[in-house]
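I have placed the structure first, in the form of structure tokens, so that the comments after it can refer back to it.
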Amino acid sequence: MSETDRDQVLQLHNQMFMSPQLFSHRWGLGSLELAQICSVSQSTTNHWLGGRISRREAGFPYQRILAVADFLLENAAQVQPLLEQWHSNGQQT
């Protein structure tokens, strides 16, 4: 990958955001699944999805995590073999 391509991909990544409400609705997932995806407590995601009184906004880092997860799910057929290869090569931490 060229440096220009790399920079363009990273710029696009930095513009990726998705609200917990939209992600939850789009994929039919609840607060427990959101908590697992974002590595936060279920109490936190309950607040993200809660009503007006208890609602808190998810920070941009979490909105980016959800946008990347949305991209992965939307493109699962192409991405899954790549992720499996990445895992088998020991790239996960």
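The values are calculated or read from the model by the stated rules, or taken from the named source; none is laboratory data. Please read these numbers as outputs of a predicted model, since none were measured by experiment. As a convention, Cβ positions derive from the backbone with ideal geometry for all residues, glycine included, and neighbour counts pool all protein chains shown.
Looking only at residues in segment 1-53 that are among the aliphatic types (A, V, I, L, M) and closer than 14 Å to Gln63 by Cβ, which one is modelled with the lowest pLDDT? Break it down stepwise before answering.
At the first step, the residues of segment 1-53 found to be among the aliphatic types (A, V, I, L, M) are 1, 9-10, 12, 16, 18, 22, 29, 32, 34-35, 37, 40, 49, 53.
Those still in the list that are closer than 14 Å to Gln63 by Cβ too: 16, 18, 22, 34, 37, 40, 49.
On the way: Met16: 89, Met18: 94, Leu22: 96, Leu34: 97, Ile37: 97, Val40: 97, Leu49: 92.
Once the filter is applied, the top-ranked residue is Met16.
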Cβ-Cβ distance below 6 Å, separation of 6 or more or different chains: which pairs start in segment 27-38 with a residue that is within 20 Å of Phe71 (Cβ to Cβ) and end on one that is of a type in the set (A, V, I, L, M, F, W, C) and surrounded by 16 or more Cβ atoms within 10 Å (Cβ to Cβ)? Ile37/Ala69; Cys38/Ile65
When you check Val68 against the structure, is it surrounded by 10 or more Cβ atoms within 10 Å (Cβ to Cβ), in a helix (DSSP H, G or I) and at pLDDT below 90, yes or no? no
If we ask which residues in segment 39-77 are under 22 Å from Gln11 (Cβ atoms) and without any contact (Cβ under 8 Å) to a residue 24 or more places away in the chain, their number turns out to be 5
Need pairs with beta-carbon distance below 7 Å; first residue farther than 9 Å from Ala67 by Cβ and within segment 4-23, second in a helix (DSSP H, G or I); sequence gap 6+ or separate chains. Ser19/Gln63; Pro20/Leu34; Pro20/Thr45; Pro20/Trp48; Pro20/Leu49; Pro20/Leu66; Gln21/Leu49
Per the filter on segment 19-56, residues surrounded by fewer than 16 Cβ atoms within 10 Å (Cβ to Cβ), assigned to a loop (DSSP other than H, G, I, E, B) and of a type outside the set (A, V, I, L, M, F, W, C) are Gly28, Gly30, Ser39, Ser41, Gly50, Gly51, Arg52, Ser54, Arg55, Arg56
